[in-house]
Amino acid sequence: MACCGFNCSKTSLCALNLLYVMVSLLLIGVAAWGKWFGLLSSIRVTAGVIGVGVFLFMVAVVGLCGALKHHQVLLFFYMITLFMVFVVQFLVSCVCLSLNKDQQDQLLEIGWNHSLATQRDVEKTLGCCGFSHVDYNSTCAANCFHQKPPQSCYTCSNTIQAYAGNILRFVGGVGLFFSFTEILGVWLTHRYRNTKDPHSNPGAFL
């Protein structure tokens, strides 16, 4: 029975961390692909996504090594780090799911004004110009702006707001799902860390 509990916890923890490794590599790959093909021109956005992917990869590797070796110190730091990530991700997910339309509009406008590179990415991808009004005396990355004569371009606020609610609900739902896998990882780590290895020396202290 002890062997079954030990091996079950070890296998589950290894599988969970392999999932985190795949997710982290997916984040890094998507960010690098978007930058390579010019879909993302903002260095901050690309670096942020890659940074999150690298952090998740490092956490997963620590958890995987700790699970394979039943290393008490690695498992302890992994458990604490995973719990902190769970708290942050759970709060962010709840905020995403609870934002109303006015709050979404304010958040979108703040994000729009924060980075010129992000504005160019959105204009090029969605084919819109400006956030709340189109200024034909300025510059815009959308194709409609460069037509001769210029075609009427839509503002980006209308296009973004049409999808903002669905995107926030999707992000909040995915984040909430992964936050529960993280608290599951904390529980599995605590259980596995305090389970004696049946194959070890019976007199060994854990």
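The values are calculated or read from the model by the stated rules, or taken from the named source; none is laboratory data. Remember, predicted model here, so these are calculated numbers, not experimental data. Positions of Cβ are generated from backbone atoms using ideal geometry, with glycine treated the same way; all protein chains shown enter the neighbour counts.
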Next on the checklist: Out of the helices (runs of 4 or more DSSP H) lying entirely within the stretch 72-143, which hold 3 or more residues that are under 14 Å from Ser157 (Cβ atoms)?
Outcome noted: 101-114, 116-126
Checklist entry - Is it the case that the stretch 111-121 has a residue that's within 30 Å of Leu16 (Cα to Cα), in contact with a helix residue (DSSP H, G or I) (Cβ under 8 Å, 6 or more places away or on another chain) and surrounded by 14 or more Cβ atoms within 10 Å (Cβ to Cβ)? => result no
Item to check | In the stretch 98-110, residue farthest from Gly172 (Cα to Cα) [restricted to those that are surrounded by 11 or more Cβ atoms within 10 Å (Cβ to Cβ) and among the charged types (D, E, K, R)] | outcome: Glu109
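Tell me, please, whether a residue that is touching a Gly at 6+ places or on another chain (Cβ under 7 Å), under 28 Å from Leu18 (Cβ atoms) and free of Cβ contacts under 8 Å to residues at least 60 places away in the same chain can be found in the stretch 78-96. Spell out the reasoning first.
So the first thing to find is which residues in the stretch 78-96 are touching a Gly at 6+ places or on another chain (Cβ under 7 Å), and the list is 78, 82, 89, 92-93, 96.
From what is left, the residues that are under 28 Å from Leu18 (Cβ atoms) are 78, 82, 89, 92-93, 96.
Pick out the ones that are also free of Cβ contacts under 8 Å to residues at least 60 places away in the same chain and you get none.
No, because not a single residue in the stretch 78-96 is touching a Gly at 6+ places or on another chain (Cβ under 7 Å), under 28 Å from Leu18 (Cβ atoms) and free of Cβ contacts under 8 Å to residues at least 60 places away in the same chain.
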Checklist outcome for this item: Condition set polar (S, T, N, Q) and modelled with pLDDT of 85 or more, scope the stretch 24-80, selection farthest from Asn7 (Cα to Cα): answer is Ser24
Next on the checklist: Can you confirm whether Asp121 is within 22 Å of Val174 (Cα to Cα) and of a type in the set (D, E, K, R)?
Outcome noted: no
